[in-house]
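Read through the structure below, which is laid out as structure tokens, and then see the notes.
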Protein chains: 2
Amino acid sequence: MRLDLSIPHLRAAYLDGTLTPAQLITQLHAAMLAEDAALQRNIWIRRLTLDEMLAYASALEGRDPHSLPLYGIPFAIKDNIDLAGIPTTAACPDYAYTPEVSAVVVQRLIAAGAIPVGKTNLDQFATGLVGVRSPFGACRNSIHPDYVSGGSSAGSAVSVGLGLASFSLGTDTAGSGRVPAMLNNLVGLKPSCGRLPTTGVIPACRSIDAVSVFALTAGDAAAVLAAAQGEDAGDSYSRSFGPYGHNFGAANSFRFGVPRAQDLEFHGNPDGPAQFASAVQHLIDLGGTPVSVDLSPFRAVATLLYEGPWVAERYQAIRAFIEKSPGSLHPVTRAITEKGIAITAPDTFAALYKLKDMERLTRPVWDGIDLLVTPTASTAYKIAEVEADPIRLNSNLGHYTNFVNLLDLAAVAVPTGFMGESMDHMPWGITLVAPAGQDLPLLDLAARLHARAVPIVGATRHAPHRLPGATPDTKPFPSGLVQVAVCG
Amino acid sequence: MRLDLSIPHLRAAYLDGTLTPAQLITQLHAAMLAEDAALQRNIWIRRLTLDEMLAYASALEGRDPHSLPLYGIPFAIKDNIDLAGIPTTAACPDYAYTPEVSAVVVQRLIAAGAIPVGKTNLDQFATGLVGVRSPFGACRNSIHPDYVSGGSSAGSAVSVGLGLASFSLGTDTAGSGRVPAMLNNLVGLKPSCGRLPTTGVIPACRSIDAVSVFALTAGDAAAVLAAAQGEDAGDSYSRSFGPYGHNFGAANSFRFGVPRAQDLEFHGNPDGPAQFASAVQHLIDLGGTPVSVDLSPFRAVATLLYEGPWVAERYQAIRAFIEKSPGSLHPVTRAITEKGIAITAPDTFAALYKLKDMERLTRPVWDGIDLLVTPTASTAYKIAEVEADPIRLNSNLGHYTNFVNLLDLAAVAVPTGFMGESMDHMPWGITLVAPAGQDLPLLDLAARLHARAVPIVGATRHAPHRLPGATPDTKPFPSGLVQVAVCG
């Protein structure tokens, strides 16, 4: 049985004295070795050694668990985010450097008591939604190893799914914190841009990057957000948010936007339509009123991200490096990134105007709804499929995620079911989207939906998200999980 | 004596029946002919004929002056803003087209009763702060014809200064609505970007353009703003603003930022320091507390506008035209604009990051002040001087204006005095600056400062801005004006 690392579970054990951080780290280290022995999933670029982890645990000795909201909570870090003394590679070995200080979000989490356990694999320079564009090997899915983990925050999702970390940090510019959440049966919080500062994070598209959180439950994600959020002097894009007004997530009734039938795209996934309908029904049962929404201006923004000038930000982020040693890049990453230098400033402004036009078209939509609901990803792909068709299938996975950051929205990906046999019982989910600042109402609603919709979290058999009084799900345990659940 | 076209003066005459719009237009037409006969100042690209103006006046017949806030008020329009049926040239004859509908701001003003009187000369495509970059001739200053009018909204300022229009529309991206205001002894309102929609206006830098207002008094500018402001569906950059909170402009005490001594630059103008000190003293006398402000991050933004990618917006705005017939452009305008195409998208984003950094550095400044005060322009130049050194002297004039739109600020240029004999008694003034949305407090303070600081408006001998109870100015009438005031 995999470890139950949910934050309330660990916290209860720490508070009643039945567990110490050092004990947990020792168990966790054994679990990591067992996962390695069972299957090489290419989760880690640099896992911390037992001693390195124990050093963080020792630092908590003598501290009162009550005083630290994340006391003894293990977390994984995407390897484009600095952890002091450990190399940051962004999945590009030639680019590696060893930072002296941790990223500000990491500093805040450690100060809150959390324990880093390793740096995780990613699509190189966070360019991709698949998790296979890495010289450290394709990251295998936690539920079914033939499938992609999703990316770019690949190992961050898989490590939490397998019970090797309570939560993890990812980054999410185009969907990298949401697509892997769905594919690993996790909650993926893509906070309002700037809510988690990016100081010490290698930029992808700096103007629209967000640090993201993978967690077993929405409540865990909220606890992480609370400990790490807020403005930082080193990040001019960082922001603080005031109170959010009406908490639609906790309300007995709310209005949620649902794309029109013609806006839905599942890229051949036979189970997508029924899965989405089922998720919508759950929201109705929770008190939601569906409102039909024309998704086309949102989709126009998504297209803009792919075809527009923002790829030039990726170039700018690693400009000195790519100009010096272009051959050091993964060929797919290089091909995508080098497009950025050919784009002109007039074209850039033309795209910014178009974004502004689309933003104006989407604005009235928010007058009629509290949140917008879409599939998180249309479907799930196998690693072999993506390797055969790397660009197109990657784009397909971003169909519903690409517009979110450009339009300054917050999003939470929530697991809502498992697909059928033809899709190997892979998990499926929806994303709840609302204007920036609405992170907490989104998380509240995510918690209610999650508890109602699926019985287990990640690739574990644990159900820590079950709230007292939530309706038990009567569906049988998905058969596809059994094979995995006995590993480790 | 030039006409007193101040809005309250005309309105009183209309309301008590001693004047009709047709009578005013007839007098105005005569005044225009007299100005032409006195001196060719190159104010107009296309003045309306008497019949064309009278057609607008007739449309008001039978309407109740009470119901129209700008009933019978004549206004001039910069020739990069559409007036239905009259060619728009942007001071580039080969570019000209004849619009079927007026720009939205013009429509709103006409609907409020205002009467268009002509399209005014400008620095071609609104690129410049001097008013000499036009194939229609250098626009001569209304106070002293050897001096530049300032630009790019050259003729718009001069027409109001000479009493040929009650107010005029300009555009202001880098200072084009403020520098000419100072040089012609007028109030120049550069509203919050987006407050006046730009639909039907040829863009300069679309992301930071503002339609601006030249007026005899701050009260007149406020009346124009009230009639023309508000969101427009055709302009995605247009915005509506809510209430502004504390009205520092009407308060008995307020805090105003003053650049440190080392931040002040007058480009050799011997009268600048004393003029600025005198303006600051007026504000102190009005209840203001000066607060020393480090202007360097603001200046860094100003430099960014000149050296950064925003010039690419100017290229993008006329891209099809400049690519087809580059030889149709004024050589200075062409040289500046063509720089835009050589700028890359990565460099564009790098500049946007830098702007964001500077914006963050300037943010705390606003916690300590209600408004920032700077000279409007450091000095005044003669036409011959600018023709001999067209780029550098133009840049000098924008020293205090370039940062305003990039930082999303509102500004009002206010006349505060006349310089000495060595500067040919040219007018001088300061600009009041505050965050977007604070237009009305700025105008309220501008009205109080204006009434206190200078006895007359424009190149007229009229003092319509005198408020009841304001302290009369005891300074002698500036001798440099006498020569001009007898013309026309």
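The table below gives the values:
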item	result
Filtered residues of the range A:342-359 (kept if crowded, with 22+ Cβ neighbours inside 10 Å and more than 7 Å from chain B (Cβ to nearest Cβ))	A:358
All positions within the range A:360-369 that are part of a helix (DSSP H, G or I) and either at the interface with chain B (Cβ under 7 Å from one of its Cβ atoms) or without any contact (Cβ under 8 Å) to a residue 12 or more places away in the chain (or both)	A:360, A:367
Pick from the range A:195-250, criterion charged (D, E, K, R) and away from chain B (no Cβ under 14 Å), ranking: nearest to residue A:286 (Cα to Cα)	A:220
From the options A:37, A:31, A:91, A:84, residue that is touching a Phe, Trp or Tyr at 6+ places or on another chain (Cβ under 8 Å) and either surrounded by fewer than 24 Cβ atoms within 10 Å (Cβ to Cβ) or not aromatic (Phe, Trp, Tyr) (or both)	A:91
Leading residue by the ranking (surrounded by the most Cβ atoms within 10 Å (Cβ to Cβ)) among those in the range A:163-200 that are basic (Lys, Arg) and assigned to a loop (DSSP other than H, G, I, E, B)	A:178
Hits in the range B:256-290 (condition: surrounded by 14 or more Cβ atoms within 10 Å (Cβ to Cβ) and assigned to a strand (DSSP E or B))	B:256, B:257, B:258, B:259, B:288, B:290
Residue within the range A:314-326 that is loosely packed, with under 15 Cβ neighbours inside 10 Å and of a type in the set (S, T, N, Q) present	yes
Checking residue A:339 against (1) closer than 30 Å to residue A:296 by Cβ; (2) within 7 Å of chain B (Cβ to nearest Cβ), the condition it does not meet	(2)
All positions within the range B:201-255 that are of a type in the set (Phe, Trp, Tyr), over 30 Å from residue A:352 (Cβ atoms) and surrounded by 21 or more Cβ atoms within 10 Å (Cβ to Cβ)	B:248
Matching helices (runs of 4 or more DSSP H) fully within the range A:387-466 where at least 1 residues are among the hydrophobic types (A, V, I, L, M, F, W, C), touching an Asp or Glu at 6+ places or on another chain (Cβ under 9 Å) and closer than 23 Å to residue A:267 by Cα	A:390-397, A:403-406
Those residues of the range B:308-336 which are within 7 Å of another protein chain (Cβ to nearest Cβ) and among the acidic types (Asp, Glu), in sequence order	B:313
Residue in the range B:299-306 that is surrounded by fewer than 16 Cβ atoms within 10 Å (Cβ to Cβ) and hydrophobic (A, V, I, L, M, F, W, C) present	no
Which listed residue is closer than 22 Å to residue A:67 by Cα and surrounded by 24 or more Cβ atoms within 10 Å (Cβ to Cβ), from A:148, A:106	A:106
Condition check for residue A:106: part of a helix (DSSP H, G or I) and touching a residue at least 24 places away in the same chain (Cβ under 8 Å)	yes
Residue match in the range A:46-54 (condition: within 15 Å of residue A:168 (Cβ to Cβ), touching a Leu at 6+ places or on another chain (Cβ under 6 Å) and not in a helix (DSSP H, G or I))	no
First in the range B:128-149 and at positive phi, second anywhere and surrounded by fewer than 24 Cβ atoms within 10 Å (Cβ to Cβ), Cβ under 6 Å, 6 or more apart	B:137/B:42
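Every number here is computed from the coordinates shown, using simple stated rules; none is lab data. Predicted model, so just to flag it, every value in this text is computed and none were measured. Glycine gets a Cβ as well: all are built from the backbone with ideal geometry, and neighbour counts include every protein chain shown.
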